[in-house]
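Read-outs throughout are calculated quantities, based only on the coordinates presented, and are distinct from any laboratory measurement. A quick note: this is a predicted structure, and the numbers were derived from the prediction, not measured. Using ideal geometry, Cβ is built from the backbone for each residue, glycine included, and neighbour counts are taken over all protein chains shown.
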Amino acid sequence: MSTAADFETHPPSAVIHRILVVDDDADTVAFLRELLERTGYDVFVAKDGGQAHSSFVMRQPDVVILDLMLAGNETGFEVCERLKHTHQQIPVIILSAIDFPRARDLAKRVGADAYLNKPIEPEELLLQIRQTADEVYQRSLAVAKPTDASHPVRFACRCGKRFKVSEQHRGKTLTCPNCGEPIIVPRHH
């Protein structure tokens with residue numbers, strides 16, 4: 001039987017299921033969709049800032065991959081700033097052909113969590129998605145207060161099944177639907 005102590009020995013990692021790709025280039029979108037879906041992610045696409053914001057609010061992605069040059073009135077910088085204002089704990093990764101120090105600096109100032117250049121190797125992108133999501137998740141744990149019910153508790157069973165439950169479940173026992181083993185929701189961050 002798993003205990004809360006079992007989960008505290010390994011730092012928790014971010015749970016990634018849904019990725020929002022914000023890019024208006026059909027070739028880039030096709031490449032990203034194929035790579036990410038083959039890896040097991042659910043992918044949805046937005047071509048401009050309006051679609052990005054709607055998808056972000058309605059589908060609540062786990063990660064956003066965002067180009068800087070978009071169709072419409074908004075740049076990727078503006079979209080990033082708006083998305084981060086809506087939900088700061090969702091990782092935003094800039095993936096752009098623009099490779100200037102000023103662009104990187106501005107992306108950081110509007111809340112981007114990582115900045116990658118096109119073209120990119122598939123393995124490098126997948127690694128960066130995982131690293132960025134984990135870094136953002138660890139930062140969110142560092143600033144979260146134990147009494148703040150708006151921050152879910154994330155943990156995993158020994159079988160690998162990941163869970164995200166509300167704060168009110170801390171210390172309670174759940175049964176893993178994958179392996180049937182009882183697990184205790186960690187009491188502390």
Name the residue from L125, I90, V79 whose Cα lies farthest towards the positive end of the charge dipole of the chain, charges +1 on Cβ of Lys and Arg and -1 on Cβ of Asp and Glu. I90
Ignoring everything except DSSP H segments at least 4 long, calculate the 222 nm mean residue ellipticity for the chain; use -39,500 (n - 2.57) per segment, divide by total residues, nearest 500. -12000 deg cm²/dmol
Which net charge results for the neighbourhood of G180, defined as the other residues with beta-carbon distances under 14 angstrom from its beta-carbon, given Lys and Arg at +1 and Asp and Glu at -1? +1
Ascending count of other beta-carbon atoms within 10 Å, so fewest first, for T132, T173, T28: T173, T28, T132
I'd like the Karplus ³J(HN,Hα) series for the stretch 107-118: coefficients 6.51, -1.76, 1.60, θ = phi - 60°, whole numbers in Hz, and an x wherever there's a Gly or Pro. 4, 5, 5, 8, x, 4, 8, 7, 9, 10, 9, 7
Using the Kirkwood formula over every pair of different C-alpha atoms, what hydrodynamic radius in Å results for the stretch 84-135? 11.6 Å
How large is Rg over Rh for the chain, taking Rg from the Cα atoms and Rh as the Kirkwood inverse mean of 1/r across Cα pairs? 1.01
Summing +1 for each Lys or Arg and -1 for each Asp or Glu, what net charge is found among the other residues whose Cβ lies under 14 Å from the Cβ of D23? -4
Isolated cysteines for the chain, Cβ-Cβ cutoff 4.7 Å, are C80
What net charge is computed for the residues neighbouring V165, neighbours being all others with C-beta under 9 Å from the C-beta of V165, Lys and Arg scored +1, Asp and Glu -1? +3
